[in-house]
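Down below is the structure, laid out as structure tokens.
The values are calculated or read from the model by the stated rules, or taken from the named source; none is laboratory data. Since the structure is predicted, the reported quantities are computational estimates derived from the model, not experimental observations. Cβ coordinates were reconstructed from backbone atoms using ideal geometry, including for glycine residues, and neighbour counts include every protein chain displayed. When the accessible area is computed, the model is the full protein with side chains, heavy atoms only, and any ligands, DNA or RNA have been set aside. Shrake-Rupley method; radii C 1.70, N 1.55, O 1.52, S 1.80 Å.
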Amino acid sequence: MGNKALPSICYDLHSHSTASDGVLSPTELVLLAAENGVDVLALTDHDSTDGHAEAAQATAVAGIRFIPGIEISVSWRKRLIHIVGLKVNSDYAEMQAGLAELRTKRERRAVEIGVKFEKIGMPDVYDGARSLASGVLSRSHFAMYLVEKGVVKDVQQAFKKYLQQGKRCYVGAEWASLEDALSWIHGAGGQAVVAHPARYKMSRTLFREFLKDFKALGGEGIEVACSSHNLAEATLMAGYAQELGLLASAGSDFHSPHNSWAKLGRVHALPEGCTPIWQGWD
Ligand code: AMP
Ligand code: MN
Ligand code: MN
Ligand code: MN
């Protein structure tokens with residue numbers, strides 16, 4: 001795969017900082033990226049671009065190319081889908097207004113999640129989660145607090161037992177429409193990418209319908225190489241990319257150095273035949 005004679009550039013186009021549910025500040029994230037040999041790094045926090053300025057500064061010092069990004073929470077046919085925006089101009093007012101609305105919805109949802117925990121005898125969970133968040137409040141902060149309290153052994157168990165859809169303390173919400181998310185990203189001069197596509201529990205028929213909607217709205221790419229994909233899933237996504245004429249992206253979805261399966265800068269090479277989303281970037 002690839003030409004071994006060419007120096008390969010390490011792209012990581014999906015990562016999180018303390019501006020959302022990552023545990024490293026933008027500067028710490030960039031230092032780790034440098035240590036791990038990342039050449040091009042996108043910061044894609046959930047519904048916030050607050051980490052961009054600090055990350056831009058730190059990458060300039062570290063000699064890493066910075067790609068300002070975003071990961072937008074979208075509801076498509078009542079399903080939660082994440083759309084990554086790459087190369088977005090964070091000054092674009094319509095995108096910022098949309099993101100601010102999503103953060104307001106998150107705050108409301110968090111209060112409701114807190115009420116659910118209160119009802120099962122844990123009245124301190126909202127305040128606990130709140131105290132762990134320095135930026136956008138996420139279900140991850142609830143999970144981290146439950147781990148800290150010793151209620152569950154790890155973050156995954158917190159989701160499995162309480163926080164994921166269908167579980168006791170899950171609260172649904174209507175996030176951005178696919179149309180709005182793409183229009184914000186495009187208005188901000190960016191490219192839209194379907195995040196961790198293998199994680200959505202959709203039939204192939206439904207997933208293809210989703211991709212067709214995404215493509216019809218001008219969506220550009222799909223994550224083919226990402227930490228939550230095994231080789232078979234990456235190959236499957238590469239196939240969808242080619243079938244639908246989508247560009248392929250690569251990102252670790254890094255959140256924490258303690259997470260063993262999503263390491264910053266550690267993503268597989270794109271399978272043969274993919275057109276990388278960075279092709280054509282100047
Ligand atoms: P939210 O955006 O607040 O709904 O929270 C979603 C975030 O929680 C995702 O971005 C992941 O970081 C994390 N997450 C979701 N599901 C799981 C899971 N099953 N195990 C661990 N983390 C999860
Ligand atoms: Mn997250
Ligand atoms: Mn995501
Ligand atoms: Mn992510």
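Going by the conditions given, is F214 of a type in the set (F, W, Y), more than 16 Å from the chain's Cα centre (by Cα) and open to solvent by 10 Å² or more (accessible area, probe 1.4 Å)? No; evaluated as a whole, the condition is false for this residue.
Report yes if A192 is assigned to a loop (DSSP other than H, G, I, E, B) and within 16 Å of ligand 3 (Cβ to nearest atom), otherwise no.
Details: assigned to a loop (DSSP other than H, G, I, E, B): no; within 16 Å of ligand 3 (Cβ to nearest atom): yes.
Here the answer is no, as A192 does not meet what is asked.
If you go through the range 30-51 and keep only what is in contact with a His (Cβ under 8 Å, 6 or more places away or on another chain) and either hydroxyl-bearing (S, T, Y) or not in a loop (DSSP other than H, G, I, E, B) (or both), you end up with A42, L43, T44, H46.
Of all residues in the range 80-91, none are more than 16 Å from ligand 3 (Cβ to nearest atom), surrounded by 13 or more Cβ atoms within 10 Å (Cβ to Cβ) and in a helix (DSSP H, G or I).
From the list L80, L32, L24, L43, pick out the single residue that is under 29 Å from A143 (Cα atoms), in contact with a strand residue (DSSP E or B) (Cβ under 7 Å, 6 or more places away or on another chain) and touching a residue at least 40 places away in the same chain (Cβ under 8 Å).
Values: L32 fails: in contact with a strand residue (DSSP E or B) (Cβ under 7 Å, 6 or more places away or on another chain); L24 fails: in contact with a strand residue (DSSP E or B) (Cβ under 7 Å, 6 or more places away or on another chain); L43 fails: touching a residue at least 40 places away in the same chain (Cβ under 8 Å).
Answer to the check: L80.
Quick test for you: out of S183, S228, pick the one residue that is in the same structural domain as L247 (by TED's automatic domain parsing), open to solvent by 40 Å² or more (accessible area, probe 1.4 Å) and modelled with pLDDT of 95 or more. Lay out the reasoning, then the answer.
Details: S228 fails: modelled with pLDDT of 95 or more.
Matching residue, one of S183, S228: S183.
As a summary of the residue check, T59 satisfies the conditions (1) β-branched (V, I, T); (2) closer than 24 Å to A248 by Cα; (3) open to solvent by 40 Å² or more (accessible area, probe 1.4 Å) except for the one numbered (3).
Do we find a residue being assigned by TED's automatic domain parsing to the domain that holds G218, out of contact with any strand residue (DSSP E or B) (no Cβ under 9 Å at 6 or more places or on another chain), within 16 Å of ligand 3 (Cβ to nearest atom) and touching a residue at least 12 places away in the same chain (Cβ under 8 Å) anywhere in the range 115-137? No. Scanning the range 232-259 for residues that are within 16 Å of ligand 1 (Cβ to nearest atom) and assigned to a loop (DSSP other than H, G, I, E, B) gives S252, D253, H255, S256, P257, H258, N259. For the range 46-56, the candidate set comprises residues that are without any contact (Cβ under 8 Å) to a residue 40 or more places away in the chain and not charged (D, E, K, R); within that set, the residue that is most open to solvent (accessible area, probe 1.4 Å) is A53. Looking across V147, V151, V171, V125, one residue alone is buried (at least 21 other Cβ atoms within 10 Å of the Cβ) and either away from ligand 4 (no atom under 16 Å from the Cβ) or within 16 Å of V111 (Cβ to Cβ) (or both). It is V125.
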